[in-house]
Amino acid sequence: MKLSELKPGQTAVIKDFSDDDLSLRFLEMGCVPGEEILLERIAPLGDPIAIRVSGYSLCLRQSEAESIIISSVDRN
């Protein structure tokens, strides 16, 4: 499953990255494998998205979210 497939309010765990060029950037921003991630909201036109990871909010483009592989842990 990809981060771009989550709905607002859902949580997941980062598993891996599908884009090697972006993976270093994600790691520097605190998006590390094993870290829990929450999709906070999606902009009205669908891009960007706001996530909470490593204790802070981060905005990503949908194209960037497509390259974050997650496993769902939604507790709802």
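Any chance you could count how many residues in region 65-75 are in a loop (DSSP other than H, G, I, E, B) and either surrounded by 15 or more Cβ atoms within 10 Å (Cβ to Cβ) or at positive phi (or both)?
Total meeting the criteria: 2.
For region 26-44: of the residues being out of contact with any Lys or Arg (no Cβ under 7 Å at 6 or more places or on another chain) and acidic (Asp, Glu), which is surrounded by the fewest Cβ atoms within 10 Å (Cβ to Cβ)?
The qualifying residue surrounded by the fewest Cβ atoms within 10 Å (Cβ to Cβ) is Glu28.
Restricting to region 26-44, count the residues that are assigned to a helix (DSSP H, G or I) and either in contact (Cβ under 8 Å) with a residue 24 or more places away in the chain or touching a Pro at 6+ places or on another chain (Cβ under 7 Å) (or both).
So the answer is 1.
So which residues in region 1-18 are under 18 Å from Pro48 (Cα atoms) and not in a strand (DSSP E or B)?
Leu3, Ser4, Glu5, Leu6, Lys7, Pro8, Gly9, Gln10
Tell me the residue from Met29, Met1 that is at pLDDT 90 or above, out of contact with any helix residue (DSSP H, G or I) (no Cβ under 9 Å at 6 or more places or on another chain) and not β-branched (Val, Ile, Thr), please.
After ruling out the rest, the residue left standing is Met1.
Residue-by-condition table, conditions (1) in a helix (DSSP H, G or I); (2) surrounded by 13 or more Cβ atoms within 10 Å (Cβ to Cβ); (3) touching a His at 6+ places or on another chain (Cβ under 6 Å):
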| site | (1), (2), (3) |
| --- | --- |
| Leu24 | yes, no, no |
| Gly46 | no, no, no |
| Ala50 | no, yes, no |
| Ser63 | yes, no, no |
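The values are calculated or read from the model by the stated rules, or taken from the named source; none is laboratory data. On a predicted model such as this, the values are computed, not experimentally measured, just so you know. Here Cβ is always computed from backbone atoms with ideal geometry, including for glycine, and neighbour counts include all displayed protein chains.
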